[in-house]
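The values are calculated or read from the model by the stated rules, or taken from the named source; none is laboratory data. All values reported here derive from a predicted model rather than from experimental measurement. Here Cβ is always computed from backbone atoms with ideal geometry, including for glycine, and neighbour counts include all displayed protein chains. Areas reflect the complete protein model, heavy atoms only, side chains present, ligands, DNA and RNA absent. Shrake-Rupley method; radii C 1.70, N 1.55, O 1.52, S 1.80 Å.
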Amino acid sequence: MITCAVTVLFLISGTRALDEGLRERGIGIASFLAPAAEYGVITGNRASLGSLLQAALGQRDVVAAAVYGSEGRVLAVSGRLTPLDNAQIVVVRRTQDYFPEGGRLAVVVPVQPAPLDLDDLLLPGGAPAASSAPVGWVHVEMDTHPLTQRKTEVVLSTIFLVAFGLALTATLALRLARSVGEPVARLVEAVTQIAGGRLDVTVQDSASSDELRALETGFNAMARSIEDAHKTLQAKVDAATAQLAHQALHDPLTDLPNRRAFEQALEEAVASSRRAGDNCVLCFIDLDRFKIVNDSCGHAAGDELLRHIARIVRLRVRNEDMVCRVGGDEFALLLRRCQGGDAQRIAESLREAVASYRFQWDGKHFSVGASIGLIRIDGSLDSASDVLAAADMACYAAKKNGRNRIVEHDPASGSNTEHEARSDFTPVPVGSLVRDRLMLHAQAVLPLCGSEEPLLEVLLRLADDEGRPHPPQASLHQFALSGTAVDLDDWVASHACASIARHQREIGRGVTLSFGLNLSEASILDAATYLAQLGNHLRRHALLPRQVLLEFPISIAEQQPEASIKLVEAARRAGHRVALERVDGNKVGYLSELRPDYIKISFKGLVEAYGLEAGYRLSQALCGMAAVLGINAIASEVEEAFWLDSLADLGFSHAQGRAIALPQAIEEWRLPVPPLPI
């Protein structure tokens, strides 16, 4: 618009300048002719005027010229002149121009007589005389067609130049706009996409200017930063969400699934057993002697022990099984797609692993056990709560029956069945025991001071199908009153005497080994037969009667008091010593009646039953009563090393247990050299 306005102004001023130039040239030619024609006008010399007009026609654009006299008559004319009336001529007193028809410019100039420069012609006062009337007029006509053509050329050339300039300017403007607009448009589009949620957006840094390239580069860096920040934030949100979800279903101490997750899985297992007949087994595990660790070393030690037990359990189950901590020292194990025999083997593996683990804290050693209640989820129980209650009952039965064992609940009969050390190990009747499956182990009973002699207890073990030894407790209990039990005790005595004699020969002369033999109730009832057979074994292997320590539980003395008294009297006459086992304070009256040489106090049992402090005090009281009666007290089942520091102060003379020495095959047994420190 500015260019067009300037162009119009330029054209107007240009055409005006051309018109003014033609007019000025016409006036100039006419003004030049007027003085030259004065003489010819005054004298009436037409020939001179004609030659003058011919000369005027030789000027550019002059097409006609004429000279008029004083009355307006034509004195001379040259060319085709537009005629004028006399009245129009005589009134002209100064130069006048006009445009008559035919595209011409007419200029009329009066011919003034030349002034006389005479002093005497001046008016008084020195003023010049008034001009006289013109003596004639000069009429010149100019052709305007060339001017019009030049105007047209000027207009066309101007329009062309303006159009060319506008086109060039538009081209440059478009290129400039494109070089700026396209990068800006890409930036706007990218910003729109980011605002819409798409963060992986970049722009091509191909702008023509350094400023725009810097802007694009900065935008890409900002977009990448936003994307990285969003990814980082999203990752943190996802991690926090996953952590919250994990914490909602997992125990923070052991990182095992918690009770909530266990109940959900149990509900699914019960529903699946009713719907599809899937076989699942639930094992409810309660740790034994866990309270001792908490009471002795604090909750930090208890928490660390729980973490260790959790790792032990996790390592001994299958990938598809689920191990949960349901509270305190209680764990639940859900065995999926598992038959009864497999479940018992897994449970037994867990029980053995926990029982053999030794926990150490601040220089003290602890051992724990696992009482396991087992129930099969086979659709016989209607709800998960019933299954859990049944498993809890089985676990309680395992605790009640002596801890560190497996009890399976039968939903059909509502009864609990105890499994032996290996759940797939079937107790064999004593009468049908294969002799090559019997083996003897020995466990040291060490003195707490140097003045007492060391002892060893001979333990009967029955090998399973894989050759691992297990106590045949169920068999002995089942056939305690049979004659087969006497034969078994005799077998133990015979092989024990042979092994002890061999060890004495290996050790050398001057050393006698005292060893304890456990008696069944049948041997106590038939004491004469057993003692006679024992005497034969001792003589055959050149052993002294005093080397034998006959052991039986105080519960048998309660059940068979007369037979027990007769056994003790007969053993004393034969030169043997006697020990009462499992003395817990309830039947201490039998100590004064039997007067055994030793009593065995289950230190672990007292601590578990009454707590650490009360167990210590009761142990001290029992040791004091035994000392008054001249009886030595043996601390049995000493499972923790830190208990050793106080046993002598409580009044014990000997100690026996896993913290002292582990049972080992009697053929491999060696005499411990140093006594235990007080």
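Below, the figures for the structure above:
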item: Residue in the range 346-364 that is open to solvent by less than 30 Å² (accessible area, probe 1.4 Å), polar (S, T, N, Q) and not in a loop (DSSP other than H, G, I, E, B) present; result: no
item: Given (1) open to solvent by less than 30 Å² (accessible area, probe 1.4 Å); (2) at pLDDT 85 or above; (3) within 26 Å of residue 555 (Cα to Cα), number of the condition residue 620 does not satisfy; result: (1)
item: Among the candidates 316, 274, residue that is open to solvent by 30 Å² or more (accessible area, probe 1.4 Å), out of contact with any Pro (no Cβ under 7 Å at 6 or more places or on another chain) and either in contact (Cβ under 8 Å) with a residue 60 or more places away in the chain or closer than 15 Å to residue 371 by Cα (or both); result: 274
item: Residue ID - surrounded by the most Cβ atoms within 10 Å (Cβ to Cβ), chosen from residues in the range 505-519 that are touching a residue at least 24 places away in the same chain (Cβ under 8 Å) and not aliphatic (A, V, I, L, M); result: 516
item: Filter result (surrounded by fewer than 20 Cβ atoms within 10 Å (Cβ to Cβ) and closer than 15 Å to residue 36 by Cα) within the range 53-68; result: 54, 55, 57
item: Number of the condition not met by residue 216 [criteria: (1) under 20 Å from residue 388 (Cβ atoms); (2) touching a helix residue (DSSP H, G or I) at 6+ places or on another chain (Cβ under 8 Å); (3) open to solvent by less than 70 Å² (accessible area, probe 1.4 Å)]; result: (1)
item: Residue that is nearest to residue 284 (Cα to Cα), among those in the range 363-385 that are among the charged types (D, E, K, R) and at pLDDT below 85; result: 378
item: Tabulated pairs, the range 64-85, first touching a residue at least 40 places away in the same chain (Cβ under 8 Å), second in a loop (DSSP other than H, G, I, E, B), C-beta under 6 angstrom, 6+ apart or interchain; result: 64/80; 64/81; 66/81; 67/37; 70/135; 75/69; 82/100
item: Pick from the range 245-284, criterion in contact with a Gly (Cβ under 8 Å, 6 or more places away or on another chain) and not in a helix (DSSP H, G or I), ranking: modelled with the lowest pLDDT; result: 277
item: Neighbours by Cβ (under 9 Å, 6+ apart or cross-chain): first from the range 1-12, without any contact (Cβ under 8 Å) to a residue 60 or more places away in the chain and in a helix (DSSP H, G or I); second open to solvent by less than 70 Å² (accessible area, probe 1.4 Å) and of a type outside the set (Ser, Thr, Tyr); result: 6/162
item: Residue check for residue 522: modelled with pLDDT under 90, open to solvent by less than 20 Å² (accessible area, probe 1.4 Å), in a helix (DSSP H, G or I) and within 25 Å of residue 438 (Cα to Cα); result: yes
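Listed here are the residues, each with its yes/no results for (1) open to solvent by less than 70 Å² (accessible area, probe 1.4 Å); (2) touching a Ser or Thr at 6+ places or on another chain (Cβ under 9 Å).
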position: 158; (1), (2): yes, yes
position: 163; (1), (2): yes, no
position: 166; (1), (2): no, yes
position: 173; (1), (2): yes, no
position: 180; (1), (2): yes, yes
